[in-house]
Amino acid sequence: MIKFVATDLDGTLLDARGTLPQAVFPLAERLSERGILFAPASGRQYANLEKLFFPVRDRLLFICENGALVRCRGETLFLDPLPPETAGAAIGAVRREEGLFPILCCAENAYIEDDCEPFFTRAREPYTNCFKVDSLDDVLGKEPICKISVFDPAGARDHAMRVLSDLPAGVKRILSGTHWCDISAADADKGKAVRAICEKFGFTRDECMAFGDQMNDEGMLRACGHPRAVANALPAIRALAEKIVPSNVEGGVLSELEILLSEPGGQTGKQGIK
């Protein structure tokens with residue numbers, strides 16, 4: 001019996017325009033009433049996710065910053081921060097490579113030091129609380145650091161992921177989108193967050209389902225007994241999946257949740273957040 005469902009957003013749940021389908025709101029309500037805990041899992045910050053899911057925000061658990069932060073109703077349930085000195089060294093590595101733009105992603109706010117386009121606009125799409133500062137060095141240590149997100153207009157897979165090789169010990173880089181990669185603590189990912197959630201709520205791996213499309217979803221899919229990949233997912237992600245669902249353009253996650261809710265079983269209200 002499924003008790004926990006996590007889904008990536010961009011390229012997975014969101015449509016081709018990057019818009020959240022409105023049908024997710026009644027589905028989230030029904031999942032909660034069935035006793036199934038539903039968690040958007042994204043590289044986005046908490047403020048952005050809470051705004052995006054505002055009508056049902058109190059029913060959900062949010063896996064933010066690619067798993068470095070888990071929050072529910074504003075309460076932090078899990079945090080896996082980067083030390084400020086390590087973050088500073090990683091930012092330095094990004095600065096040394098031409099054409100890359102870092103975002104310092106902290107528990108409450110995100111910070112940027114460049115205002116050129118299209119970066120300036122793109123940075124505000126996943127980061128609602130995003131502030132321009134003279135230097136990211138000035139805000140290191142002021143709040144817990146979740147990760148460093150890197151925007152690459154040339155394409156992160158073939159450029160940023162290749163040139164960002166001189167990173168400090170204790171961090172990793174991971175592809176998170178067409179133009180994005182993330183630098184985080186070496187063991188931080190959505191999978192570690194899912195395991196922390198399972199421990200807190202008493203879920204077994206076989207009671208968990210997850211949906212994804214990119215390499216930053218790999219840990220989450222491996223942590224869940226019922227991994228799902230959308231048809232547009234990377235081949236490596238599709239290879240991990242127990243089942244391939246229709247693409248994000250076709251609403252594959254929504255249709256799979258409808259199938260889940262049509263199945264008998266479950267004790268209403270036992271695990272859903274009320």
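The values are calculated or read from the model by the stated rules, or taken from the named source; none is laboratory data. None of these values were measured; they are calculated from a predicted model. Cβ sites come from the backbone with ideal geometry, for glycine too, and all protein chains shown count toward neighbours. Note: accessible area is taken over every heavy atom of the protein model, side chains too, but ligands, DNA and RNA are not part of it. Shrake-Rupley method; radii C 1.70, N 1.55, O 1.52, S 1.80 Å.
Of note:
- The chain: most fluctuating residue of ASP58, ASP115, ASP138 per GNM, C-alpha cutoff 10 Å: ASP138
- Summing Cβ point charges (Lys, Arg +1; Asp, Glu -1) relative to the Cα centre of segment 58-162 gives a dipole of roughly 360 debye.
- Solvent-accessible surface of the chain, taken per residue with a 1.4 Å probe and all protein chains present: 41 Å².
- Positive-end extreme of charge dipole, the chain - chosen from LEU27, MET1, LEU14 (charges on Cβ): MET1
- Fluctuation leader among PRO126, PRO235, PRO227 - the chain, Gaussian network, Cα springs under 10 angstrom: PRO235
- Candidates ILE145, ILE63, ILE244, ranked by Gaussian network fluctuation over the chain, Cα under 10 Å, top entry: ILE244
- Candidate cross-link partners of LYS200 among the lysines, defined by an alpha-carbon separation under 19 Å and a same-chain spacing of 8 or more, comprise LYS3, LYS190, LYS192, LYS270, LYS274.
- Zone of ASN129's modelled label, taken as backbone nitrogen in segment 81-120 under 13 Å from a point 7 Å along Cα→Cβ: 105-111
- Test item: Cα-centred dipole of segment 1-77, Lys/Arg +1 and Asp/Glu -1 on Cβ, debye: 140 debye
- With R₀ set to 22 Å, the beta-carbon distance separating GLU258 from PHE201 gives a calculated FRET efficiency near 0.40.
- Positive-end extreme of charge dipole, segment 31-83 - chosen from GLY43, PRO83, LEU60 (charges on Cβ): LEU60
- Set against the labelled values (i) 145; (ii) 113; (iii) 131, volume of the Cα convex hull per residue in Å³ computed from this structure falls on (ii).
- When the Cα convex hull of segment 37-101 is projected onto planes of every orientation, the mean area is 5.3 nm².
- Dipole magnitude of the chain about its Cα centre (Cβ charges: Lys, Arg +1; Asp, Glu -1), debye to nearest 20: 800 debye
- Per-atom-type breakdown for segment 33-188 gives carbon and sulfur 48% of the accessible area (1.4 Å probe, protein chains only).
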